[in-house]
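Structure first, commentary second.
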Amino acid sequence: KITPLDIRKQSFKRGIRGFDTEEVQTFLEMVANEMESLVKENTTLTERVRGLDTKVEDYRHLEKTLQDTIITAQKTTEEAKEND
């Protein structure tokens with residue numbers, strides 16, 4: 001897994017007619033900054049998904065409780081009708 005720091009620390013061998021060092025460093029810095037931004041966004045979205053997963057689980061538990069309550073109420077109503 002490559003990190004923004006890995007990009008910033010990357011160095012290249014120089015050849016006789018190699019790339020412009022300053023241009024390469026500028027590009028690497030730009031890539032590292034964009035990657036850093038994406039990593040932060042990914043972290044934020046991951047935390048948000050975890051929070052939403054927790055809420056969904058809470059709602060599922062509430063739904064189950066409501067279903068159980070409805071079933072109990074139906075049974076109670078049926079029993080009351082039978083006893084009349």
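Below, the figures for the structure above:
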{"quantity": "Flag for Ala73 being surrounded by fewer than 10 Cβ atoms within 10 Å (Cβ to Cβ), without any contact (Cβ under 8 Å) to a residue 24 or more places away in the chain and assigned to a helix (DSSP H, G or I)", "calculated": "no"}
{"quantity": "Residue within the stretch 75-82 that is of a type in the set (Lys, Arg) and at pLDDT below 95 present", "calculated": "yes"}
{"quantity": "Near pairs, Cβ below 6 angstrom, 6+ apart or cross-chain, from the stretch 21-38 (on the phi < 0 side of the Ramachandran plot) to any residue that is assigned to a helix (DSSP H, G or I)", "calculated": "Leu28/Ile7; Val31/Ile7; Ala32/Pro4; Ala32/Ile7; Ala32/Arg8; Met35/Pro4; Glu36/Pro4"}
{"quantity": "Residue that is nearest to the chain's Cα centre (by Cα), among those in the stretch 39-62 that are more than 29 Å from Ile2 (Cβ to Cβ) and either touching a residue at least 12 places away in the same chain (Cβ under 8 Å) or open to solvent by 100 Å² or more (accessible area, probe 1.4 Å) (or both)", "calculated": "Lys55"}
{"quantity": "Subset of the stretch 21-36 [open to solvent by less than 90 Å² (accessible area, probe 1.4 Å) and more than 15 Å from Ile2 (Cβ to Cβ)]", "calculated": "Thr21, Val24, Gln25, Thr26"}
{"quantity": "Selected residue [in a loop (DSSP other than H, G, I, E, B) and among the aromatic types (Phe, Trp, Tyr)] from Phe27, Phe19", "calculated": "Phe19"}
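The values are calculated or read from the model by the stated rules, or taken from the named source; none is laboratory data. Here the structure is a predicted model, which means the values were calculated and not measured. Cβ atoms come from the backbone with ideal geometry, glycine included; neighbour counts cover every protein chain shown. Side chains included, ligands, DNA and RNA excluded: accessible areas come from the protein's heavy atoms. Shrake-Rupley method; radii C 1.70, N 1.55, O 1.52, S 1.80 Å.
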